[in-house]
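The values are calculated or read from the model by the stated rules, or taken from the named source; none is laboratory data. Quick caveat: nothing in here was measured; it's all calculated off a predicted structure. With ideal geometry, Cβ positions are generated from the backbone for all residues, glycine too; neighbour counts draw on all protein chains shown. All accessible areas refer to the heavy atoms of the entire protein, side chains included, with ligands and DNA or RNA removed. Shrake-Rupley method; radii C 1.70, N 1.55, O 1.52, S 1.80 Å.
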Amino acid sequence: MKSLHHGICSIALGLALSATGWMAPGALAQDTMYVAGYGGSFERLMRDSVIPPFEKANSVKIEYVAGQSTATLAKLQAQRSKQEIDVAIVDDGPMYQAVQFGFCAPIQKAPVLEDIYPIAKLADQAMAFGIGVTAPVYNTKIFKEKGLPVPTSWGDLGNSAYKGQLALLGAASTTGLHGLIMVARAKGGGEASIDPGFKAFKDEIRPNIVTFAPSAPKLEELLQSGEIAMTVVARSRAVALKKEGLPLQAVEPKEGAAALMVTMCPVVDSDMPAQAQKFIQHMLSPEIQKVFAKAGYGPVNRKTELTEQEKEGLAVGDEAVGKLARIDWPTVNQNRAAWTQRWNREVER
């Protein structure tokens, strides 16, 4: 439908302009590319700082389709017979599903890809353009006042010293799921052996928890009010709250902080495949990577230049990126629905 719509509009415009005897150079050249990605502050960032320079440099109009990762994945499924989206932006977990379902086209080789950290390359068809970091964070003031030990492992969430000091998101959220997986790893298991994680949550961590928060903003409210001293959040959010005056410190667990990657892929059967590939390269360029870094997304391009202040809370450089724990999403996706049911039944009851 999209190609037909473009064709009709171009013909109509051509007839109208030829009737006047005037045709501007390239008047029919500008086409529309559809990019689907997150809403909210991310959408504003895309519309204000990322999309305009690409449109100007490539004589293309971008229509941005905002929605959560699950909504974008559902659109790709619904439009399987004729895709209307040209580039899809989703979290790393849903992206593995998009690749598995055959929604993504191979990413073409380009010089910029040589500067990308290996962790960002999900598959031949998908690439991360930003790295988030999930880690335990704690209130240094409360910890000092109460003489609480600083955690060094994900397993330390179960230390009885933290009783009444902890709030978390449930396993239905990505952050909560990260916590379950990383605790399982700390206890000798992992994605392929999740039982140690559930056992630790039931027996050790659950008694420490004040509440399971319904959302990340609610979790931040609890931190700001001092009702809790520790939680698990995106490290960039902890830095933002710290800048607002909250004495927070992120933990560097020995098992690693969990990598949460924001990813993209060129969609199969796009009627603008060349422009879609160019947009992928644009998103990975050092200039645009710096834009994302200022918004809290760790750069995937080694050549991104950031000040020390801009680096705070981000994983920057081969050593820092190399320490991150990468989630085995293909295994998680096979089990996630069952884990969520089990979590609701055994942990968050």
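Summary table
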| read-out | value |
| --- | --- |
| Any helices (runs of 4 or more DSSP H) falling wholly within the range 230-305 and containing at least 3 residues that are among the small types (Gly, Ala, Ser) and modelled with pLDDT under 95 | 235-243 |
| Failed item in (1) touching a residue at least 12 places away in the same chain (Cβ under 8 Å); (2) surrounded by fewer than 16 Cβ atoms within 10 Å (Cβ to Cβ), with Pro111 passing the rest | (1) |
| Helices (runs of 4 or more DSSP H) contained in the range 16-82 and holding at least 3 residues open to solvent by less than 60 Å² (accessible area, probe 1.4 Å), under 30 Å from Ala337 (Cα atoms) and modelled with pLDDT of 90 or more | 69-78 |
| Residue pairs meeting the criteria (Cβ under 8 Å; at least 6 apart or on separate chains; first within 13 Å of Trp339 (Cβ to Cβ), in the range 193-205; second polar (S, T, N, Q) and at pLDDT 95 or above) | Ile194/Asn335 |
| Answer residue from the range 55-110, given it is out of contact with any helix residue (DSSP H, G or I) (no Cβ under 7 Å at 6 or more places or on another chain) and of a type in the set (Ser, Thr, Tyr) and is nearest to Gln275 (Cα to Cα) among those | Ser59 |
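Matching residues to (1) open to solvent by less than 30 Å² (accessible area, probe 1.4 Å); (2) out of contact with any strand residue (DSSP E or B) (no Cβ under 8 Å at 6 or more places or on another chain):
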{"residue": "Glu145", "(1), (2)": "no, yes"}
{"residue": "Gly158", "(1), (2)": "yes, yes"}
{"residue": "Ala172", "(1), (2)": "no, yes"}
{"residue": "Leu177", "(1), (2)": "yes, yes"}
{"residue": "Ala184", "(1), (2)": "yes, no"}
{"residue": "Pro196", "(1), (2)": "no, yes"}
{"residue": "Lys199", "(1), (2)": "no, yes"}
{"residue": "Glu204", "(1), (2)": "no, yes"}
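Yes or no, residue by residue, for (1) in contact with a Pro (Cβ under 7 Å, 6 or more places away or on another chain); (2) assigned to a loop (DSSP other than H, G, I, E, B):
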{"residue": "Pro151", "(1), (2)": "yes, yes"}
{"residue": "Gly164", "(1), (2)": "no, yes"}
{"residue": "Ala172", "(1), (2)": "no, yes"}
{"residue": "Arg185", "(1), (2)": "no, no"}
{"residue": "Phe212", "(1), (2)": "no, no"}
{"residue": "Glu221", "(1), (2)": "no, no"}
